[in-house]
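Below is one structure, written out as structure tokens, with a few remarks after it.
The values are calculated or read from the model by the stated rules, or taken from the named source; none is laboratory data. For clarity, every value in this text was computed on a predicted model and none was experimentally measured. Please note: Cβ atoms are built from the backbone with ideal geometry, for glycine as well, and neighbour counts cover all protein chains shown.
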Amino acid sequence: MKKLLALTLACLMLTMCFVACGTNNDNADNTTTTVGNDNTTTPADTTTAAPELAYDSAEALLKHIMDSYNATAAEETKLYVCGGNPYNFETVNPEGPAKFVALEDADYDTHLGYPAADISKLDDAAYMFNMINVNTFSCYAVHFANSADVDGMVSTLKDNILARQWICGTPEKLAIVKAPGDYLIVVWGAVSSGGIVDPFVAGVTAAVDGAQIVVEQNIVE
């Protein structure tokens, strides 16, 4: 009787062993891995590396946008601009965007329409503009030291620029684009008679992954 009972138990254990092996094989393609006999699992690694930005400064951002835009733009809509601070001649680049280096706080408002009271929020800025008439095309990028300030400055910038007293004609449209890395890109200028603002803003979103248009506002109808 004892031998029969022992044999029965042995057969039962062998059967359970086969069932366990079958269960492991069924889970071989699962995204979790069974560790030991404690039934703990390790999730498959689904971490996606953040995309590398094609720029590490406001100047590099504008250059990246301009190069990308000009590579596909029709000849009549290509950009030929100067950059830097027009009041600070040592910073002016006659062939493209350049870092904006203010001589005094008022330069930010004069050229960029950025309130002088808020420049402490910035740690970098770059500017490019039409040499003949900045109101037909102007664009700048600013970088914020604190991510929390980016969204809050959008409406402040919009209101400050729309309230400007324009010289040599009024631009027709304002656009503000938020870019990854705590940047805002601000564009104003003409949209009619060969104006560049609309195709350029489309070029910004095409050139900068994750760029988001947060303001598109007609200045004059």
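Of the residues in the range 80-106, how many are crowded, with 20+ Cβ neighbours inside 10 Å and either among the charged types (D, E, K, R) or under 15 Å from Ile196 (Cα atoms) (or both)?
Summing the residues that are crowded, with 20+ Cβ neighbours inside 10 Å and either among the charged types (D, E, K, R) or under 15 Å from Ile196 (Cα atoms) (or both) in the range 80-106 gives 1.
Take the conditions aromatic (Phe, Trp, Tyr) and either in a loop (DSSP other than H, G, I, E, B) or over 21 Å from the mean Cα position of the chain (by Cα) (or both) and apply them to Tyr80. Does it pass?
Yes.
Of all residues in the range 181-221, which are among the hydroxyl-bearing types (Ser, Thr, Tyr) and touching a residue at least 40 places away in the same chain (Cβ under 8 Å)?
Result: Tyr183, single match.
When you go through (1) under 20 Å from Asn135 (Cα atoms); (2) at pLDDT 95 or above one by one for Gly169, which number turns out not to apply?
Gly169 satisfies all of (1) under 20 Å from Asn135 (Cα atoms); (2) at pLDDT 95 or above except (2).
Return a yes/no flag: does the range 83-94 have any residue that is under 20 Å from Ala190 (Cβ atoms), in contact (Cβ under 8 Å) with a residue 24 or more places away in the chain and not β-branched (Val, Ile, Thr).
Yes, some residue in the range 83-94 is under 20 Å from Ala190 (Cβ atoms), in contact (Cβ under 8 Å) with a residue 24 or more places away in the chain and not β-branched (Val, Ile, Thr).
Among the numbered conditions (1) at pLDDT 95 or above; (2) on the phi < 0 side of the Ramachandran plot, tell me where Asp182 comes up short.
Failing condition for Asp182: (2).
Pairs only if they're at least six apart or on different chains, beta carbon under 8 angstrom, first in the range 142-159 and under 11 Å from Pro115 (Cα atoms), second part of a helix (DSSP H, G or I) and not small (Gly, Ala, Ser); list them, first residue then second.
Short answer, once both residue conditions are applied: Met153/Asp118; Met153/Lys121; Thr156/Asp118.
Being within 16 Å of Asn135 (Cα to Cα), touching a Leu at 6+ places or on another chain (Cβ under 7 Å) and among the aliphatic types (A, V, I, L, M) is the filter here, so list the residues in the range 197-221 that pass it.
Matches in the range 197-221: Ile219 only.
So which residues in the range 123-152 are of a type in the set (A, V, I, L, M), buried (at least 20 other Cβ atoms within 10 Å of the Cβ) and in contact with a strand residue (DSSP E or B) (Cβ under 7 Å, 6 or more places away or on another chain), if there are any at all?
Scanning the range 123-152 gives Ala125, Ala126, Met128, Ala141, Val142.
Here are the criteria: (1) surrounded by fewer than 22 Cβ atoms within 10 Å (Cβ to Cβ); (2) touching a Pro at 6+ places or on another chain (Cβ under 7 Å). Tell me which single one Asp118 does not satisfy.
(2)
Could you count how many residues in the range 164-213 are in contact with a strand residue (DSSP E or B) (Cβ under 6 Å, 6 or more places away or on another chain) and surrounded by fewer than 16 Cβ atoms within 10 Å (Cβ to Cβ)?
Qualifying residue count, the range 164-213: 2.
Tell me which strands (runs of 3 or more DSSP E) are completely within the range 105-221 and hold 3 or more residues being over 17 Å from the mean Cα position of the chain (by Cα) and of a type outside the set (D, E, K, R), or say none if there are none.
In the range 105-221, the matching strands (runs of 3 or more DSSP E) lie at 122-129.
Any idea which of Ala102, Ala60 is small (Gly, Ala, Ser) and assigned to a helix (DSSP H, G or I)?
Ala60
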